[in-house]
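The values are calculated or read from the model by the stated rules, or taken from the named source; none is laboratory data. Quantities reported herein were computed from a predicted structural model and do not represent experimental measurements. We place every Cβ from the backbone using ideal geometry, glycine too, and count neighbours over all the protein chains shown.
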Amino acid sequence: MGPGEGVGYLRVRSIGWLDRLRGGSSQFLDRTVRRAGSFFYRHAASVSAIIGGFLGGVVLVAVGCGAQYRPVITPINPTGPAALPTANIVVISQPGFTPPPPGGPAPCAGISYSTPSIYTLFDFSGDSVVAQANGGNGPLTFSLEQGGANAYAPNCDGTLTTAQATTASLLTKYVLTSTLLPGSEPTNTLLASSSLYVTEVGLHGPTCLTTNCVAQLTGSPSALKQEIPVAPSLINLTGFSTGERVYAISQGNSGGGVQPAWGDCATPSAVTVNGEADAIETTTNTISARLPLGVCPVFGFMTTDTLRTFIMNRGSGTVTVINSQLNAIDAAHPTITVGAGPVYADYYRTGQVLVTSNYDSNTISIVDVSLDTYGNDSATFGTVLATIPVGLHPVEVAVLQDGSRVYVANQGDITAGTPGSVSIVNLTNYTVEKTIPLTANPHAIGAIYNYPIGKVYVASQNSPYLTIIRTDSDIISDTPELEGNIVEMRVNAQYPGQSTAGALNYQTESRSVGSGAP
């Protein structure tokens, strides 16, 4: 083909692509290109064939893309901040509630409530209300099982209330009510091995006409299966959810003779009769042992490994030690003498240290209760490491589970109008670091350890305000108000987000007021 013959035409959109083919350059973009001597000029027929191929597969890519590099972008989804630690605080309040007198003839004598109680669930991270529901009329206290998800409350009208203390399930429609026999007067609850055990301080027939009974209930809602007679003047139960047995704590005993009536231990010095702990096997629901206690026992605590149980004897100023695995009084250390009037205890699990609140001596006692690798008492078991003066009438204690401090709820004097306080005790040097004054008289305290900020919660039965203390600064950070005075408060975990068996909620007992239990 001679010069000037067969001029080729091609409309292109990429100058770079054109240049690579033609061996030249052009100042025109998106226009007809015609240049003699180029590849297109010299091989017009070949170019036609090539163009046909390109149009079949390449032109769709080339058109509109240009010579500019366009990277492929893969979006990265943001991860956001770490999840906040989870734990809940369960509070029961009752509109119109006033604290019962410590020496009353019965837990609910002459008291009735026409409005339901309020169950409130607070979130640890934000101290906000995450759920609420109506409960029974006139609750006395409540217990939580080891998972901290279910609350069991005895009511003044003789009923029991079961509520799921979780964000999704604490709804009035899910709250269950159970009934007991007339005249049973339930006061405390404890869940163990899928059975709910309830103290009945009222004498009623036919099984419990001459002595008190523990009711055993199962199912959902809980239904009465049987009543188990125990020693007279029953006050409380102690045990752990996974234990083989629970212990019914009575202020009287099965030895006969004159026995104290319910309420007599409000004045412990006037009582001389020893109490009794009756072991109830959770598989057979029968009494397997009757163990002697001190005068006016009011509270018990079983360790999560279920190897030891400690009973607070208010009238004796002692702690009775039960070897739970042998179901017998501890042979080496049957009792530990602490300050006058022990009414409550908390436990530092890692250090195996028991802390008692000594109500009548305004002190707390720090006790070594360590075991060896075989479950036997260690060489230092039973040693009182320190007895520390705190505020007026320490009613409950809460050990921060890093082992650094114990927070003491000092009740003050309700009758005299003296408000209480919170003492903060250093567990390393056994000194009071700080005392926080309150405007009411506390009944309950609970601690949730978290780094860097843990929290301590304080509730008073003559106040609708929940006091929240930050552990990084030991100052009151908030005082949310509830509907009605607070009857009882419990934390569902001692560590936020805990999920293993060794770290679950270990405060599974309830603690109603009366007969020496402040």
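Residue under question is Val343, and the condition is that it be in contact with a Pro (Cβ under 7 Å, 6 or more places away or on another chain) and farther than 18 Å from Ser510 by Cβ; does it hold? No: the conditions fail for Val343. Across region 478-506, the qualifying residues are those that are of a type in the set (S, T, N, Q), modelled with pLDDT of 85 or more and in a loop (DSSP other than H, G, I, E, B), and the one among them that is farthest from Thr189 (Cα to Cα) is Thr479.
Of all the listed residues (Val422, Val458, Val406), the sole one being surrounded by 22 or more Cβ atoms within 10 Å (Cβ to Cβ), under 18 Å from Val513 (Cβ atoms) and either at pLDDT 95 or above or hydrophobic (A, V, I, L, M, F, W, C) (or both) is Val458. Determine if region 150-171 includes at least one residue that is in the same structural domain as Pro99 (by TED's automatic domain parsing) and either touching a Lys or Arg at 6+ places or on another chain (Cβ under 7 Å) or basic (Lys, Arg) (or both). Scanning region 150-171 turns up no residue that is in the same structural domain as Pro99 (by TED's automatic domain parsing) and either touching a Lys or Arg at 6+ places or on another chain (Cβ under 7 Å) or basic (Lys, Arg) (or both). Restricted to region 190-306, the set of strands (runs of 3 or more DSSP E) holding at least 3 residues that are on the phi < 0 side of the Ramachandran plot and out of contact with any Ser or Thr (no Cβ under 8 Å at 6 or more places or on another chain) comprises 287-295.
Within the bounds of region 421-436, is there any residue that is basic (Lys, Arg) and either part of a loop (DSSP other than H, G, I, E, B) or under 25 Å from Phe122 (Cα atoms) (or both)? For region 421-436, residues basic (Lys, Arg) and either part of a loop (DSSP other than H, G, I, E, B) or under 25 Å from Phe122 (Cα atoms) (or both): absent. For region 448-477, enumerate the residues that are in a strand (DSSP E or B), over 21 Å from Asn362 (Cα atoms) and among the small types (Gly, Ala, Ser). Correct list: Ser477 only.
Screening Met312 with (1) assigned to a strand (DSSP E or B); (2) more than 25 Å from Tyr506 (Cα to Cα) gives one miss only, at (2).
In the set Val321, Val343, only one residue is in contact with an Asp or Glu (Cβ under 6 Å, 6 or more places away or on another chain), assigned to a strand (DSSP E or B), touching a residue at least 24 places away in the same chain (Cβ under 8 Å) and not aromatic (Phe, Trp, Tyr); that residue is Val321. Whether any residue in region 442-453 is touching a strand residue (DSSP E or B) at 6+ places or on another chain (Cβ under 8 Å), more than 17 Å from Thr120 (Cβ to Cβ) and at pLDDT below 95 is what I want to check. Yes; the residues of region 442-453 include at least one that is touching a strand residue (DSSP E or B) at 6+ places or on another chain (Cβ under 8 Å), more than 17 Å from Thr120 (Cβ to Cβ) and at pLDDT below 95.
Quick grid of which residues meet (1) at pLDDT 95 or above; (2) hydrophobic (A, V, I, L, M, F, W, C):
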| site | (1), (2) |
| --- | --- |
| Ala223 | yes, yes |
| Ala231 | yes, yes |
| Ile235 | yes, yes |
| Gly252 | yes, no |
| Pro260 | no, no |
| Val271 | yes, yes |
| Ser288 | yes, no |
| Gly294 | yes, no |
| Phe299 | yes, yes |
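Each row is one residue, and each column tells you yes or no for (1) within 28 Å of Gln325 (Cβ to Cβ); (2) surrounded by fewer than 20 Cβ atoms within 10 Å (Cβ to Cβ).
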position: Arg349; (1), (2): yes, yes
position: Ser361; (1), (2): no, yes
position: Ile366; (1), (2): yes, no
position: Thr373; (1), (2): yes, yes
position: Asn376; (1), (2): yes, yes
position: Thr383; (1), (2): yes, yes
position: Ala386; (1), (2): no, yes
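Every condition in (1) in contact (Cβ under 8 Å) with a residue 40 or more places away in the chain; (2) more than 14 Å from Asp278 (Cα to Cα) is met by Gly183 except one, and the failing one is (1). From the list Thr120, Thr162, Thr172, the one residue that fits, being more than 14 Å from Val90 (Cα to Cα) and either touching an Asp or Glu at 6+ places or on another chain (Cβ under 6 Å) or of a type outside the set (Asp, Glu) (or both), is Thr172. Screening the candidates Leu234, Leu224 for the property of being within 30 Å of the chain's Cα centre (by Cα) and surrounded by 24 or more Cβ atoms within 10 Å (Cβ to Cβ) yields one hit, Leu234.
Filtering Thr166, Thr161 for residues that are β-branched (Val, Ile, Thr) and either at pLDDT below 95 or closer than 27 Å to Glu276 by Cα (or both) leaves a single hit, Thr166. Please indicate, with yes or no, whether at least one residue in region 163-172 is farther than 30 Å from Val319 by Cβ, in a strand (DSSP E or B) and touching a residue at least 24 places away in the same chain (Cβ under 8 Å). Yes - at least one qualifying residue is present in region 163-172.
Being part of a strand (DSSP E or B), within 30 Å of Pro442 (Cβ to Cβ) and touching an Asp or Glu at 6+ places or on another chain (Cβ under 9 Å) holds for only one residue in Ala398, Ala386, and it is Ala398. Considering (1) touching a Phe, Trp or Tyr at 6+ places or on another chain (Cβ under 8 Å); (2) farther than 27 Å from Gly516 by Cβ; (3) not in a strand (DSSP E or B); (4) not polar (S, T, N, Q), the lone condition that Ala440 does not fulfil carries the number (2). Among the candidates Tyr197, Tyr174, the residue that is closer than 15 Å to Thr286 by Cα and of a type outside the set (Val, Ile, Thr) is uniquely Tyr197.
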